[in-house]
Each structure stands twice: as structure tokens, then as C-alpha cells.
Amino acid sequence: MKKREESVDYQIKAAWHAIARMYNAESAKHDSTASVGYILINIDAENGTPATKIAPLLGLESRSITRTLKNMEQEGYIYRVQDEKDKRFFRIFLTEKGLEGREFSKKVIKRFNQMVKENLSDEQLKNFFETMQIIQKVVEQETSRLSLSENYIANN
């Protein structure tokens, strides 16, 4: 068995946690969090975004951001507008504070990406993106295989 440092999933998780800590440290200077920042940059600044679409944009389940959206509304980052055609659905819009937070988050992300690009060659960056796409494809194939297995078991 390989050392954990030699495992692909460990490296991805460790890198993501380091990035999240960095984003959270930067966000804390503005009384915010990385999670709030990611939600803000995924809300359409002009037309709003259906509440049900936000979690999938972040690769999450809807129930996992419900509390965060409620807190963001209480803190004045967003507001909800009920859908005129279907009263069960809401569209999320950014307030002035939300727009400011969105711009701040975009600057932090751009700065980080620039720092990474300054430390990698074009070839390394190209290889990184290709590798991540392959990893995502492997995960999607395995997820699909597992779903098919679960369906087979459930129906037999």
C-alpha cells in the first residue's frame, strides 16, 4: 500500500483544504467565509439565480447550502424573490453588499490563479488541467457504475 502522500485523492484533498484555509483567512478580513464567496460568484449579478441551481453549480446537494443561504440573507448579502409562475421556487439576487462581496471574491480567486500561473510553466499548467479532466472522467464513470449496481441490486 502506498503512503497517503502518494495517493491521488489525498493530494487533491490536501490541496483543496489548503486553498480553502487561504480563502477563509482572506475572507475573514471582510467578515465572510470562502463558502459565502463561492456562492456569491455563482449568483447571476443581473438576473439572479434560482435557489435550486446554486448548490449544483458548486457541486453540492441543495440541503447542504440551505443554512448558508439563510445566513447570507440575514447578513444582507442576498434576497429572495418568489417565482411568479411557481410559488414553490425562489430566485436569489445579490444586494449591494453581495455585489461588493462578489467582486472581492473574484479578486482573491484571480490573484491566487495568477500566483499559481507564475509558478508553473505553460506545459505544467496544461498537464494539470488535462490530468484533472481525466480524474473527473474516472470519478464520473465509477459513480455511474455504482449507480447501475445499486439499481440492479434494488430491482432484483
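The values are calculated or read from the model by the stated rules, or taken from the named source; none is laboratory data. The model shown is predicted, which means the values in this text are computed figures rather than measured ones. Note that we place each Cβ from the backbone using ideal geometry, even for glycine, and neighbour counts take in every protein chain shown.
Here segment 36-67 is the region considered, the condition is being of a type in the set (Gly, Ala, Ser) and touching a residue at least 40 places away in the same chain (Cβ under 8 Å), and the residue that is surrounded by the fewest Cβ atoms within 10 Å (Cβ to Cβ) is Ala45. Only one of the listed residues (Leu125, Leu60) is in the same structural domain as Gly37 (by TED's automatic domain parsing) and not β-branched (Val, Ile, Thr). That residue is Leu60.
Filtered by the rule that a residue be more than 10 Å from the chain's Cα centre (by Cα) and either among the basic types (Lys, Arg) or within 15 Å of Ile109 (Cβ to Cβ) (or both), segment 44-75 gives Lys53, Arg63, Arg67, Lys70.
Taken over segment 70-127, the residue count meeting the criterion of being within 15 Å of Ala45 (Cβ to Cβ) and touching a residue at least 60 places away in the same chain (Cβ under 8 Å) is 5. Restricting to segment 101-115, count the residues that are under 14 Å from the mean Cα position of the chain (by Cα) and either surrounded by fewer than 11 Cβ atoms within 10 Å (Cβ to Cβ) or among the basic types (Lys, Arg) (or both). Here the count works out to 2. Within segment 1-36, the residues that satisfy the criterion of being under 17 Å from the mean Cα position of the chain (by Cα) and not in a helix (DSSP H, G or I) are Ser32, Thr33.
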